[in-house]
C-alpha cells in the first residue's frame, strides 16, 4: 500500500508556499455550528446579524482558520508534520458565499530542531480576513 | 421579543470563567474534514494513523479550538462580542471519543478600549490539549 | 410530470396503520444539534451523560418525534396532508444505535371536516419511547 | 473543572422566560430530511410545493419544535432537566429563510413533584407558527 507522506524538513526552503481555496457555504456554517456547538447568533440568526456591524451572517473564524490547517496538513509540509502552535488575527469577516484562499509561506526553518515557522494568510479577494503564524514540527530524512 | 445579548465589558471581572464540554466523535471529524478540506490522513486514514506517534486517528486541532469559540461566542462574553485574535498551542492530541472541556477565564480587562484578554484552556481529563489567549472586543453599556 | 399525491380522507379507515423504522446514529445526533442549536450535554457530552440516569448520551426527543412526521408526511396520509397538531409523551430514552419504529394508526376520521386523529407510537424493541396523538387535515376527493 | 448544570426547580418562578432564535435555512431542511427520513415533497420538492397552499417549500414542523427543545435543554431549565411531554399546535408555516424565535415561559411550578409546566411559542416576526405546552422534570437542590 502506498504510504501517504508529506515533505521532509530538508525539502522546505524559505519563501516556499502553498494554498487552498474554498467557498464558504451556508452548509459549512450550519455544520460547523453543530460540531463545535457555536450557535452564536451572528452565525445562525439572520435577523440578529442584520443589527451587527457585519450586516449579515458571518462564518465562524475557526472555520476559516481550518483552511490554514488544510494547507499545512495536506500540502506543505503535509502528512507526517505535527502542528505545534498557531496565532490568528481575525482582520475582517467572512460572509456566506465568500471564496477564501489560505496561503502559507515558509518564513524560517530550523533543520536541526525540525521546526518551520510558517506565515499564514487567508484572503477574500484582496482583503486579508485572517493572518497568523504557525510552528510545525516536520519529519527529517535523517531519522 | 427578547433579544439575544451577551455580557457587556462592565459585566466582566478578572478571574470570571465559563466552559463548554463536548465529546469529539467520528462524525465531527468526518464533517470537519468535509467543511475545511483538511483530509490529512492522520484524521481520516486509520491505517496511516496507526503508523504515527498518535497510534490512532486524532481530531483536527481547529475543531478543538472551535470549542473555545463556543464559550466566547455563546457564554462569556457571548453574542455581540467581536473576536480579534487567538493564540493556540497544541499540547496533546484529541482522540475520537475524548470529551473536551474548553475553559475560558478573564485575564485582564481594558474597559476604556472595550477589550478583554481571556485565557483559554482545553482539557481531556487532566491533560491540557490546547492552550492560548484570546483578545475580544466587548460592547459597553456606555454606547 | 407525475404529481406526488398521498391518500385522501376517503381512503382512510379506522385502524389503518403505517410505520417507518430508522436506526439513530451518532451522526444524526451531531447534525440535529447543529440544525436545532440544542447542544444539551446529555446529547453531546459523553462524560456528563454518564452521570445522568441515562448513563450514556441520548438522542434528542424531537429527532424521534421526527419519525412520526415521516410516517404522516410520506406514507399515511402522505403528501398533501397538513399537520395541525401533535402531542408527545417522552416515555423512555433513545440511545445512539437504537433502532426506532414509528407506528401511526388512524383512531378517528371526520370526513366532513377532512380531519383524522392518528395515534402515534415510537418503539425501540418492545419499549415505547414516545407516544402521542396527531391531528391531520387530509385532502378530499370532493374538492 | 466546572460542571455544566442548569437551573434547579427552586430557581424557577412563574413568568420567567428564555428564548432562542435561529434562521431556518435550506441546509437545515435538507439535513432534517436526511436524519428524520421525512422527505415529504412539501419540504424537498420545489415544484410540488408551488402547487400547495404554501406556494413554496416549508420547513419541517419538528425542526421548529426543536428550537423549543433548545431553550428547555440549554437555557431554562437547562442541563439536568428531563423532558416529559410536549404539545404542539402548528399554526402557520415556516419558510426557508424565516428567522424563528422560540420563547418559553414558566406557567406553573410544582416544587414537591419537581415539575414545571412551560408555555412554548415559536414566532416568525409577529406570527405565531408553533404553540404548545411542555412538562419538564427539574432537579431539586434538596436531593
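Readers should treat all values here as calculations from the given coordinates under stated rules, not as data from a laboratory. Model, not experiment: these values are computed from the prediction. Every residue, glycine as well, gets a Cβ built from its backbone with ideal geometry; the counts of neighbours run over all protein chains shown.
If chain C were replaced by its equivalent ellipsoid, with semi-axes equal to the square roots of 5 times the Cα gyration tensor eigenvalues, what would those be, largest first, whole Å? Numbers along the way, then the final one.
Working: eigenvalues 213, 45, 28 Å².
In descending order the semi-axes read 33, 15, 12 Å.
Relative to the longest principal Cα axis of chain D, at what angle does helix D:26-36 sit, 0 to 90 degrees, rounded to 10?
70
Which distances, shortest first and in nm, link residue D:14 to the matching position in the other copies, using label points set 7 Å out along Cα to C-beta?
Here residue D:14 shows inter-copy label distances of 4.0, 4.6, 7.5 nm.
Going by how many other Cβ atoms sit within 10 Å of their own, how do A:72, B:12 line up, fewest first? Could you put the intermediate results ahead of the total?
Working: A:72 28, B:12 19.
So the ranking, lowest neighbour count to highest, is B:12, A:72.
Once the label point is set 7 Å along the Cα-to-beta-carbon vector, what list of distances in nm do you get between residue A:128 and its counterparts in the other copies?
Label-point distances to the other copies, shortest first: 2.9, 5.4, 6.4 nm.
Tell me, what is the FRET efficiency for residue B:45 and residue C:126 to the nearest 0.05, using R0 = 35 angstrom and their Cβ-Cβ distance as r? All intermediate terms of the calculation are to be shown ahead of the outcome.
Numbers: r = 41 Å, r/R0 = 1.18.
The formula returns an efficiency of 0.25 here.
Where the label is 7 Å out from Cα toward Cβ, how close does residue C:53 come to the same position in every other copy, in nm, shortest first?
Values, ascending and in nm: 4.1, 4.7, 4.9.
Determine, for C:11, D:45, the number of other Cβ atoms within 10 Å of each Cβ, and report the residues in order from fewest to most.
Numbers: C:11 13, D:45 16.
Listed from fewest to most nearby Cβ atoms, that is C:11, D:45.
Give the whole-number value, in cubic angstrom per residue, of the convex hull volume spanned by the C-alpha atoms of the protein assembly as shown.
Numbers: hull volume 100.4 nm³, N = 572.
Dividing the Cα hull volume of the protein assembly as shown by its residue count gives 175 Å³.
Please compute the modelled spin-label separation between residue A:99 and residue C:17, points set 7 Å along Cα→Cβ, answer in nm with one decimal.
The modelled label-to-label distance comes out at 5.5 nm.
Give the average, rounded to an integer, of partner chain Cβ atoms located within 10 angstrom of each Cβ in C:88-99. Provide the component values of the computation, followed by the final result.
Values: counts 10, 6, 7, 2, 0, 2, 0, 0, 1, 0, 0, 0.
Average neighbour count from other chains, rounded to a whole number: 2.
Taking chain A as the reference, fit the longest principal axis to its C-alpha atoms, fit the long axis of helix A:61-74 to the helix C-alpha atoms, and give the angle between the two in degrees, 0 to 90, nearest 10.
On a 0 to 90 degree scale, this one is about 20.
Given Cα pairs under 8 Å that are at least 6 residues apart, what percent is the relative contact order of chain B?
Numbers: 302 pairs, mean separation 45.5, N = 143.
This gives 32 percent for chain B.
Near the axis that takes chain B to chain C, which B residue has its beta carbon closest, and at how many Å?
Of all Cβ atoms in chain B, the one nearest the axis gives B:27, 3.
Inside 10 Å of the C-beta atoms of C:56-68, what's the mean count of C-beta atoms belonging to other chains?
Counting other chains' Cβ atoms within 10 Å and averaging over C:56-68 gives 6.
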